[in-house]
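Below: the structure, in structure tokens.
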């Protein structure tokens, strides 16, 4: 996945339109974009949408962002949407691997209840929405076989920290959020799952979005979340590997295959070691998925 588009779960019109936005995944939101008195409506709309999309082959992946584990709302969320078999669940305000494992247990029960394949429902954890979550980023490794990715968020974190803002005037993140972003990237690498960059909230600033995408890809993120359909083409272009990158990755793999015992090989006039091989293999696996 390169792009994941948030869509309010209480609007069937927006969900239908989002299908044609070009996103690799839609995140049907039952949390922040849905008012408390609209939660039940959102569950019904989301469940109906998922049910209708279940047999459609050419569609984005469909994830559902449920309400957090401590809200008292997640059980009703899961009961409503799991029977329709979403591709995955987005867990907000996750505090480490224990929360991912907790959600995994809830999913296993409902997969069994609704006749879904065991382990089919993936988990994407939003792992930095509070200070406790930042400190727990190193605990996701091995927590759940369902964990497919880690992402981070600066908006809820800024509220938890009591910050006036999380960005400088030029749009760049201030230091606490740069730190959280870097730790999220490392947490994903430690857990061997996809690192997904946070949303860019200035949805009309497409130039700023493009720059943030380039920086994220450079650092190791493989995808980015979006809050507006206009952001999707830019995100997709930024995170789609170029033909040149794919060819280079294959040449690195071929060079090591040709010299199975070598610790270092030469490719294109450059000496490359095993970390370069791992990077090349990771890129081709992601494209294959």
Response to the item:
Flagged in the range 34-59 as part of a loop (DSSP other than H, G, I, E, B) and at pLDDT 95 or above, in numbering order, are 34, 35, 59
Discussion item. Given the options 237, 164, 243, name the one that is loosely packed, with under 15 Cβ neighbours inside 10 Å and closer than 30 Å to residue 263 by Cα.
Written reply: 243
Response to the item:
In the set 62, 116, 69, the lone residue that is in a loop (DSSP other than H, G, I, E, B) and under 24 Å from residue 188 (Cα atoms) is 69
Discussion item. So in the range 119-132, with the set limited to residues that are part of a loop (DSSP other than H, G, I, E, B) and touching a helix residue (DSSP H, G or I) at 6+ places or on another chain (Cβ under 7 Å), which one is surrounded by the most Cβ atoms within 10 Å (Cβ to Cβ)?
Written reply: 127
Discussion item. Looking only at strands (runs of 3 or more DSSP E) that lie completely in the range 170-289, which have at least 1 residues being in contact with a helix residue (DSSP H, G or I) (Cβ under 9 Å, 6 or more places away or on another chain) and at pLDDT 95 or above?
Written reply: 194-197, 223-226
Worksheet item: Is it true that residue 95 is under 13 Å from residue 28 (Cα atoms), under 19 Å from the mean Cα position of the chain (by Cα), in contact (Cβ under 8 Å) with a residue 40 or more places away in the chain and crowded, with 21+ Cβ neighbours inside 10 Å?
Response: no
Worksheet item: How many residues, within the range 64-89, are out of contact with any helix residue (DSSP H, G or I) (no Cβ under 8 Å at 6 or more places or on another chain) and within 18 Å of residue 51 (Cα to Cα)?
Response: 3
Discussion item. Would you confirm whether or not the range 149-156 contains a residue that is in the same structural domain as residue 94 (by TED's automatic domain parsing), closer than 17 Å to residue 212 by Cα and out of contact with any helix residue (DSSP H, G or I) (no Cβ under 8 Å at 6 or more places or on another chain)?
Written reply: yes
Discussion item. Just to be sure before I move on: is residue 160 more than 19 Å from the chain's Cα centre (by Cα) and assigned by TED's automatic domain parsing to the domain that holds residue 131 in the structure I sent?
Written reply: yes
Discussion item. It is to be established whether one or more residues within the range 258-265 are more than 27 Å from residue 187 (Cα to Cα) and assigned by TED's automatic domain parsing to the domain that holds residue 25.
Written reply: no
Worksheet, complete the sentence: In the range 189-211, anything buried (at least 21 other Cβ atoms within 10 Å of the Cβ), under 16 Å from the mean Cα position of the chain (by Cα) and either farther than 30 Å from residue 145 by Cα or free of Cβ contacts under 8 Å to residues at least 40 places away in the same chain (or both) is listed as 200
Item to complete: Looking only at the range 133-140, decide whether some residue is over 14 Å from the mean Cα position of the chain (by Cα), surrounded by fewer than 18 Cβ atoms within 10 Å (Cβ to Cβ) and assigned by TED's automatic domain parsing to the domain that holds residue 173.
Response: yes
Worksheet item: Looking at residue 64, is it surrounded by 22 or more Cβ atoms within 10 Å (Cβ to Cβ) and either more than 16 Å from residue 125 (Cα to Cα) or not assigned by TED's automatic domain parsing to the domain that holds residue 120 (or both)?
Response: no
Practice prompt. Tally the residues that are under 16 Å from the mean Cα position of the chain (by Cα), buried (at least 19 other Cβ atoms within 10 Å of the Cβ) and in contact (Cβ under 8 Å) with a residue 60 or more places away in the chain, restricting the search to the range 3-30.
Written response: 7
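The values are calculated or read from the model by the stated rules, or taken from the named source; none is laboratory data. As the structure is a computational prediction, the values presented were derived from the model and not from experiment. Don't worry about glycine lacking a Cβ; one is built from the backbone with ideal geometry, like all the others, and counts go over all protein chains shown.
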